[in-house]
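Down below is the structure, laid out as structure tokens.
The values are calculated or read from the model by the stated rules, or taken from the named source; none is laboratory data. These figures come from a predicted structure and were not determined experimentally. Glycine also receives a Cβ, built like all others from the backbone with ideal geometry; neighbour counts cover every protein chain displayed. Note: areas computed on protein heavy atoms with side chains; ligands, DNA, RNA excluded. Shrake-Rupley method; radii C 1.70, N 1.55, O 1.52, S 1.80 Å.
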Amino acid sequence: MAAPEVYSLAQGPITAHAFNQDRSQVAVSLNSKDVQIFSKAVNDWKATETLSEHDKLITSIDWAPNSNRIVTASQDRNAYVWSQISDSQTGRLEWKPTLVLLNINRAATFVRWSPFENKFAVASGARAIAICSFDEESNWWVSKLLKKPIRSTVLSIDWHPNNVLLAAGSADMKARVFSAYIKDVDKKPAPTFWGEKLPFGTVCGEFASSAGGWVHTVSFSPSGDVLAFAGHDSTISIVYSGSGPAVRTVRMSTLPLVTLVWASEDSIIAAGHDCQPYVFSGSEGGWKLIGSLDDTSAPKSALTPSRFSPGGPGRLNSAAFNTFKNADSRGISNAGAGGGSSQGESELFTVHQNTITSVRPYEGQSETTTKVSTTGVDGKLIIWNVGSVATLTAKLGSTHLR
């Protein structure tokens, strides 16, 4: 497979990222209360704009490809919709924010535009999800809350292709499918495997994490008929809807996954605390871990831009520490490395040098993704070539299924 494109955007963590439609710009949260917009240069990304309005750390960003609007969610319990408007004096396009009152009393944790871009959903620590739509009469964004039966912080959400159903994963160890139908906004949805009558707030499905872990991430397949979710118990579960939903679970001996996307109807890219994107493949008959997009057979110094050191923030540059860390979590030993530099001994054998916080589709069609992008705590943006999942060679080292 082709080598990934590696860019170091910051020396600190990247909490979230989202690209515009043509992938010429990317909006990121650098673990702060501001949004940084980077524009693509020849072989790098250059910071061009800063969006400042939130009072606390921005937890999630989404960029609507067709309407070119950015929505941000923050620990300050608010969301902002950013639109490009021509300045009356200079004629220059500038990003203007519109406040969205979410009516929540805890931090907003995750945000996503709906497929038709006429509404968006905001997850929160208030045991609620705000479904936000634009009221033409009042010229204002209004929100409606999904609450029951959520019992803890909602960590992730994802829209069904029909623009009505919404999947949510939360810290009460459950993944759920809700109806987010709004009468004056949505057309009456066609029946799906998840249900036929879908008034607002209907729970169309509820699924527990296999061993009782927080559900970090959820995602519908391109068709919307299958739901995938990953938990803090180092499992990934795939739910097939229909009469008597079938759940297929893959247990891993790696660290937990926190983010995932579908590459196609039968393959998933997932990543998290193990610092590399894994590839899962299967069908209703069963799923398995088939490989990694990363080559973990050698250090990644050659792929790391020189302006930042390869050691991720929060990683100890100690040869002794890394000897035990690698032996414990990845079966990698630094013994016999001789008198090499401490930099080489402290570097992980993955391109990302710390937790991957977000994986998103980068290139492809609606049903097939050919490239994905990841960002992480190491401040890197990496674009991976998914290629043909069927021809992936497993490069898992000591990783195995159980």
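Miscellaneous remarks
- Rounded to the nearest Hz, the phi-derived 3J(HN,Hα) couplings of the range 276-283 under the Karplus curve 6.51 cos²θ - 1.76 cosθ + 1.60 (θ = phi - 60°) are 8, x, 8, 10, 10, 9, x, 8, where x marks glycine and proline.
- Under 5 Å between amide hydrogens, built in the peptide plane, is the criterion, and for Ser170 it picks out Leu155, Val215 among residues at least 5 positions away or on other chains.
- Distant-in-sequence amide H partners of Asp266 (H built 1.01 Å from N, under 5 Å): none
- Whole-Å distance, taken between Cα centres, linking the range 241-265 and the range 118-151: 27
- Amide hydrogen proximity for Gly376: with H placed 1.01 Å from N in the peptide plane, the residues at 5 or more positions away or on another chain lying under 5 Å are Ile14, Thr357.
- Potential extension, Trp140-Lys288 segment - 0.36 nm per residue separation minus Cα distance: 48.6 nm
- Hz values of 3J(HN,Hα) by residue in the range 363-376 - Karplus curve (6.51, -1.76, 1.60), Gly and Pro given as x: 8, x, 9, 5, 9, 9, 9, 9, 9, 10, 10, 10, 10, x
- Multiplying the residue separation of Val247 and Asn43 by 0.36 nm and subtracting their alpha-carbon distance yields 69.1 nm.
- With every protein chain in place, the range 153-299: carbon and sulfur % of accessible area (1.4 Å): 52
- Cross-link table Lys56/Lys371; Lys119/Lys147; Lys33/Lys380; Lys96/Lys187; Lys147/Lys197, entries beyond 22 Å C-alpha to C-alpha: Lys56/Lys371; Lys96/Lys187
- Apportionment of accessible area to carbon and sulfur, the range 39-136, percent (1.4 Å): 43
- 3J(HN,Hα) couplings calculated from phi for the range 110-127 with the Karplus curve 6.51 cos²θ - 1.76 cosθ + 1.60 (θ = phi - 60°) are, in sequence order, 7, 9, 8, 5, 6, x, 8, 6, 9, 6, 8, 10, 10, 7, 8, x, 8, 6 Hz; Gly and Pro show x.
- Solvent-accessible area per residue, Å², over the range 39-179 with all protein chains present [probe radius 1.4 Å]: 44
- A DSSP coil position with no more than 13 other Cβ atoms inside 10 Å describes the following trypsin sites (Lys or Arg not before Pro) in the range 122-155: Lys147, Arg151.
- Translational diffusion of the range 92-146, µm² s⁻¹ [Kirkwood Rh, Cα pairs; Stokes-Einstein; 20 °C; 1.002 mPa s]: 178
- The listed residues Tyr278, Tyr362, once ranked by accessible area (1.4 Å probe) with the largest placed first, stand as Tyr362, Tyr278.
- FRET efficiency, Gln21 to Ala211 (Cβ-Cβ, R0 45 Å, nearest 0.05): 0.70
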